[in-house]
Amino acid sequence: MTRRERGRPRHPGPLTPAEQRVLDELRKGGTNAEIAVRLGISPDAVKYHISNMLGKLDLPDRHALAAWRPDRERRRWLGLAVPAGLASLGRPLVWGGVGLGLATAVAVVALLVAVIAGGEEPQSVVSPAPTAKPTSTAEAGGSPEPTPRAPTPASTSSPSTPPPGQPTEDPVVEMSLGLEFTCAVRQSGALLCWGSIRGEELDVPPGQYRSVSAHLYYVCAVRETGDAICWGEEDEGRTDPPQGEFTSVSTGALHACGMRASGEVICWGSNEEGQLDAPSGQFVSVSAGGDQACAVKQSGEVACWGEEVWPRIQRPQGTYRSVSVSGGYACGLRPTGEVACWGSTPPASAVQPPGKYLSVSTKGGNACGIRESGEIHCWAGDYWVDARVPAGEFRSVSVGFIHACAIRQSGGVLCWSMDDYGQADVPSGTYASVSAGEERTCAVRASGALTCWGGAKDGPRSLPPGQFKSVSADLPGTCALRESGEIICWGDDWTYAPTGRFVAVEVGSAHACGLAETGELVCWGPDGQAMPGTPPGQFRVFSVGFRAACAISEIGDVVCWGNNRNVEGGPSGTYSSVSVGAHHVCALRESGEIDCWGSPLYELLVEAPAGQYRAVSAGTGHTCALRVTGEIDCWGDNTYGQTDAPPATFVSVSAGRLHTCALTESGEVACWGGKYLAAQVPPDLR
């Protein structure tokens, strides 16, 4: 095929193409982790690029960076504002000596003009930001605002589904994961994909296949005939493979690479970072990821190319059997079974997993492998190290951006997702009330005792003894109301609770509130400090959400306060209840209709269905409401199945972050969601 010009092309302006892509996504909103998922790189890589841009442009925080425009900067530089120009180069350039003469200043101005005209910018030397979570949105971490996605239809099941773990007639031999979908090749050559690409159903071209590779929004596969075919979201020619026979294929963010039967590596798509500049020679395998690629030579040596710093990164010496590349991160499997990892995104790239492995998989800065015992071990990516990795013996594992899948010894498939902490796995028994929180669920049993399930890192907690009326769970802590009317709270640094007798309690993201028997509200934080803006007076009901709370006054008005502008601007009227989410508020009129309002960025959340309801519950990115007939309607983000309410008659409902729970008339609790839809394996593949 005809190759494009070798090497990284010249680019205008002070930002590299990789930095510009991060900046474009930063302006759309989201945390570093969410930006990383959209770009197919690691959160540390996003943080690194943001830190570089802040230093290069001399900006104070990510908000100023999002507002920065190159035309303004260009006018400022071309206006010969020398002091400002020198100040903006304070970090990228290292000056020798103390007194800079006029000749130096003129040289700097000339350099700036050359940069603007299209030359390479002086490379900044900025250390990656620390991995600890920031304490304010001005830091590189950002604010947690998930992006709602369109619902995805559930997979259909086969009438002859064997029990999980039993040998299947047509076992799965290879898997690959995109952002919101999963693809699997069966022994017969059948290729199955489930999930979606940006909410659209993923159609598989007909034929028999031998290999498949998926990235964020597209797929490439090799047919039994050796032809390569790609489909999904086209960008920079990544879905336009060359003709000829291939044995395997591997996809990166904007490029893909394939192995010829001759051992030659051919790449196609974007060459913005030199991704197509595969070295000549004969190779045994290739792996593409992000803007990079690596291949294993027949001698066992590894060759890498792509993003500017990638080929120069020091790799552990020795020979390798295979290599797996993620965005700025790679792991190689040695002939002895040991795994060595390297990359440009510390600290993940510094982790060298102990033991011996049969296979390894990386993607999005995450890494997992199959030990010689057949067990799964994950060591990179904040979401995976602490996730509930399934037990058992497996043949191989495939890591995605948000979920991972493994092939059982039987040939069946098991998948799990990074936010699946068992929050929807209801213990048996009968209950009086239930509360769906951030990562866990708590309930009051019919006996009055408390029970909780799920949770991310801390595992089971000891629960306070006694008899309780209700409980409220969220990420920072949990509070419960005793039969006596007293409140007790527990959790990470969340031990304070006000004294007195209360009729209700609810926990939000940063505060909790209790409704006293007198009708007055008391709101507090983990340390007992009062929540600013809590209104005086008597109230009927209240709700606490993300940095805000709302209450219904004695005359039926909605009163909201807190540090979340999405709660502002509610309609007038007479209401019986209210519920506060992360980006919106929903209130139930006394007539039974629902009104919702909030952020204009989340239109799905504020479009409440028509009808008569008796209760409403607003979660982080979705809402569920209880009809007067007992059925539940849900709307909003369904990425984890949190709006797929089962058909039953319920008496109450509670919407959490990624799952929903409801109480039936018989006292049973039903929970749904909490598992990424792309990780919900069709029954005939299990």
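The values are calculated or read from the model by the stated rules, or taken from the named source; none is laboratory data. A quick note: this is a predicted structure, and the numbers were derived from the prediction, not measured. Note that each Cβ is placed from the backbone with ideal geometry, even for glycine, and that neighbours are counted across all protein chains shown. Calculation scope for accessible area: heavy atoms of the full protein, side chains included, ligands and nucleic acids excluded. Shrake-Rupley method; radii C 1.70, N 1.55, O 1.52, S 1.80 Å.
Quick notes
- In region 365-392, residue surrounded by the most Cβ atoms within 10 Å (Cβ to Cβ) [restricted to those that are among the acidic types (D, E) and at pLDDT below 95]: D382
- Take the conditions (1) at positive phi; (2) open to solvent by 50 Å² or more (accessible area, probe 1.4 Å); G226 misses just one of them, which is (2).
- The single condition from (1) polar (S, T, N, Q); (2) within 24 Å of A497 (Cβ to Cβ); (3) modelled with pLDDT under 95 that S543 fails is (3).
- The residues of region 388-409 that are among the polar types (S, T, N, Q) and in contact (Cβ under 8 Å) with a residue 60 or more places away in the chain, listed by number, are S396, S398.
- Taking the criterion of being touching a Lys or Arg at 6+ places or on another chain (Cβ under 7 Å) and on the phi < 0 side of the Ramachandran plot, the residues of region 558-575 that qualify are N563, N564, T574, Y575.
- Any chance Q352 is under 29 Å from E393 (Cβ atoms) and either in a loop (DSSP other than H, G, I, E, B) or of a type in the set (S, T, Y) (or both): yes
- Qualifying residue in region 157-176 (condition: modelled with pLDDT under 95 and within 24 Å of P17 (Cβ to Cβ)): no
- Strands (runs of 3 or more DSSP E) within region 403-485 that include 1 or more residues open to solvent by 20 Å² or more (accessible area, probe 1.4 Å) and of a type outside the set (A, V, I, L, M): 403-408, 431-436, 440-445, 450-454, 468-473, 477-482
- Note on region 560-602: residues that are under 25 Å from G29 (Cα atoms), surrounded by fewer than 16 Cβ atoms within 10 Å (Cβ to Cβ) and of a type outside the set (D, E, K, R) amount to 4.
- Qualifying residue in region 308-328 (condition: open to solvent by 10 Å² or more (accessible area, probe 1.4 Å), in contact (Cβ under 8 Å) with a residue 12 or more places away in the chain, touching a helix residue (DSSP H, G or I) at 6+ places or on another chain (Cβ under 7 Å) and not β-branched (V, I, T)): no
- Screening C489 with (1) open to solvent by less than 50 Å² (accessible area, probe 1.4 Å); (2) not in a strand (DSSP E or B) gives one miss only, at (2).
- Residues of region 500-540 that turn out to be farther than 20 Å from H583 by Cα and part of a strand (DSSP E or B), as a count: 14
- Restricting L54, L26, L39 to those that are within 18 Å of E180 (Cβ to Cβ), modelled with pLDDT of 75 or more and in contact with a Lys or Arg (Cβ under 9 Å, 6 or more places away or on another chain) reduces the list to L39.
- Tallying residues that are open to solvent by 40 Å² or more (accessible area, probe 1.4 Å), closer than 23 Å to S435 by Cβ and modelled with pLDDT under 95 within region 512-529 yields 2.
- Those residues of region 261-296 which are of a type outside the set (V, I, T), in a strand (DSSP E or B) and within 17 Å of C331 (Cβ to Cβ), in sequence order: S285, S287, A288, G289, Q292, A293, C294, A295
- Search result, residues across region 193-215 that are part of a loop (DSSP other than H, G, I, E, B) and either free of Cβ contacts under 8 Å to residues at least 60 places away in the same chain or open to solvent by 10 Å² or more (accessible area, probe 1.4 Å) (or both): R198, G199, L202, D203, V204, P205, P206, G207, Q208
- L658 vs. criteria in contact with a strand residue (DSSP E or B) (Cβ under 7 Å, 6 or more places away or on another chain) and not basic (K, R): yes
- Residues of region 603-630 satisfying the condition of being β-branched (V, I, T) and crowded, with 16+ Cβ neighbours inside 10 Å: V606, V616, T620, T623
- Top-ranked residue in region 547-590 [being in a strand (DSSP E or B) and β-branched (V, I, T); ranked as farthest from L521 (Cα to Cα)]: V585
- Of residues in region 621-631 being in contact with a strand residue (DSSP E or B) (Cβ under 8 Å, 6 or more places away or on another chain) and part of a loop (DSSP other than H, G, I, E, B), the one nearest to S472 (Cα to Cα): G621
- Filter result for G300 (crowded, with 24+ Cβ neighbours inside 10 Å and either over 23 Å from the mean Cα position of the chain (by Cα) or not in a loop (DSSP other than H, G, I, E, B) (or both)): no
- Considering residues of region 406-459 that are at pLDDT 90 or above and of a type in the set (D, E, K, R) only, the residue nearest to the chain's Cα centre (by Cα): R440
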